[in-house]
1. Checking the structure you have, find out if any residue of the stretch 111-121 is touching a Ser or Thr at 6+ places or on another chain (Cβ under 8 Å), of a type in the set (Lys, Arg), under 21 Å from residue 55 (Cβ atoms) and part of a strand (DSSP E or B).
2. Could you check, for the stretch 145-157, whether at least one of its residues is in contact with a Gly (Cβ under 7 Å, 6 or more places away or on another chain) and closer than 22 Å to residue 85 by Cβ?
3. Among all residue pairs at least 6 apart or on different chains, which show Cβ distances below 6 Å where the first residue, located in the stretch 157-171, is outside any strand (DSSP E or B) and the second is at pLDDT below 80 and of a type in the set (Ser, Thr, Tyr)?
4. Among the residues of the stretch 159-182, are any of a type outside the set (Phe, Trp, Tyr) and under 15 Å from residue 63 (Cα atoms)?
5. State the number of residues belonging to the stretch 46-57 that are in a strand (DSSP E or B) and among the hydroxyl-bearing types (Ser, Thr, Tyr).
6. Could you please find all residues in the stretch 104-121 being open to solvent by less than 40 Å² (accessible area, probe 1.4 Å) and either in contact with a Phe, Trp or Tyr (Cβ under 9 Å, 6 or more places away or on another chain) or free of Cβ contacts under 8 Å to residues at least 24 places away in the same chain (or both)?
7. One residue is enough: does the stretch 61-68 have a residue meeting the conditions modelled with pLDDT under 95, of a type in the set (Val, Ile, Thr) and in contact with a strand residue (DSSP E or B) (Cβ under 7 Å, 6 or more places away or on another chain)?
8. Considering only the stretch 58-103, state which residues are out of contact with any helix residue (DSSP H, G or I) (no Cβ under 9 Å at 6 or more places or on another chain), of a type outside the set (Phe, Trp, Tyr), open to solvent by less than 60 Å² (accessible area, probe 1.4 Å) and part of a loop (DSSP other than H, G, I, E, B).
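The values are calculated or read from the model by the stated rules, or taken from the named source; none is laboratory data. Please read all numbers here as calculations on a predicted model, not as lab measurements. Quick reminder, even Gly has a Cβ in these numbers, built from the backbone with ideal geometry, and neighbours come from all protein chains shown. Accessible surface areas use protein heavy atoms only, side chains included; no ligands, DNA or RNA. Shrake-Rupley method; radii C 1.70, N 1.55, O 1.52, S 1.80 Å.
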Amino acid sequence: MRCSRCQQIVLSLARTCPACGLDLTDLASFLPASDVRVGSAAGRPSLERFVGIDVGAETIKGVELLREAGGMRCGRRQIVEHGKEPGRCLLEMLRDWDWHSVQGAAVTGRMSRSIHLPRVPAKQAQSRAYRFLMDNEPATLVSIGSHGFSVLELRPHGVEVFRENSRCSQGTGNFLRQLIELFSLSLDAACEF
């Protein structure tokens, strides 16, 4: 991504531009790193696409953000069980999402080191995603994965408290999977809020 003030390339979701100090906590402070535009054909307004990826021990989660004249909005969301082959599954997902037309992307999650994209810490990814979707309402976010769990408290006035347990919680994930199957839900349906 590029800083809208000085055009310096900065990592997605950085708090300030390292070159000029511009506050980048507002997504509108970013410009795409390339000049590619999507959707300008057939008289439609141009829009920019950004992708966030969470690569966990069992699943890959993807979300697409679209920037249009009216601001940012969510596009696609997808959860894919990778069966211990995250690279293959991620490539398939990104191919379906027309990866070459994406202006920026970042990755988070336990297995994010294997992906050559800017990495975002879990706390920051969860906090920014919640604030984007729900504004500044206080909340408690619980994330349960196969290799641990975390609790993020989003308190008034921007105070955040993050607690993480790195102990294996695979039994918890397996129990949740059994509940999903018992209620005849898809993984996507179980994750809807």
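1. Taking every residue of the stretch 111-121 in turn, at least one turns out to be touching a Ser or Thr at 6+ places or on another chain (Cβ under 8 Å), of a type in the set (Lys, Arg), under 21 Å from residue 55 (Cβ atoms) and part of a strand (DSSP E or B).
2. yes
3. As it stands, the answer is 170/146, since those pairs meet every condition given.
4. Among the residues of the stretch 159-182, not one is of a type outside the set (Phe, Trp, Tyr) and under 15 Å from residue 63 (Cα atoms), which makes the answer no.
5. Selection size over the stretch 46-57: 0.
6. Those that are open to solvent by less than 40 Å² (accessible area, probe 1.4 Å) and either in contact with a Phe, Trp or Tyr (Cβ under 9 Å, 6 or more places away or on another chain) or free of Cβ contacts under 8 Å to residues at least 24 places away in the same chain (or both): 104, 105, 106.
7. Checking the stretch 61-68: not a single residue is modelled with pLDDT under 95, of a type in the set (Val, Ile, Thr) and in contact with a strand residue (DSSP E or B) (Cβ under 7 Å, 6 or more places away or on another chain).
8. Once the filter is applied, which keeps residues that are out of contact with any helix residue (DSSP H, G or I) (no Cβ under 9 Å at 6 or more places or on another chain), of a type outside the set (Phe, Trp, Tyr), open to solvent by less than 60 Å² (accessible area, probe 1.4 Å) and part of a loop (DSSP other than H, G, I, E, B), the stretch 58-103 yields only 103.
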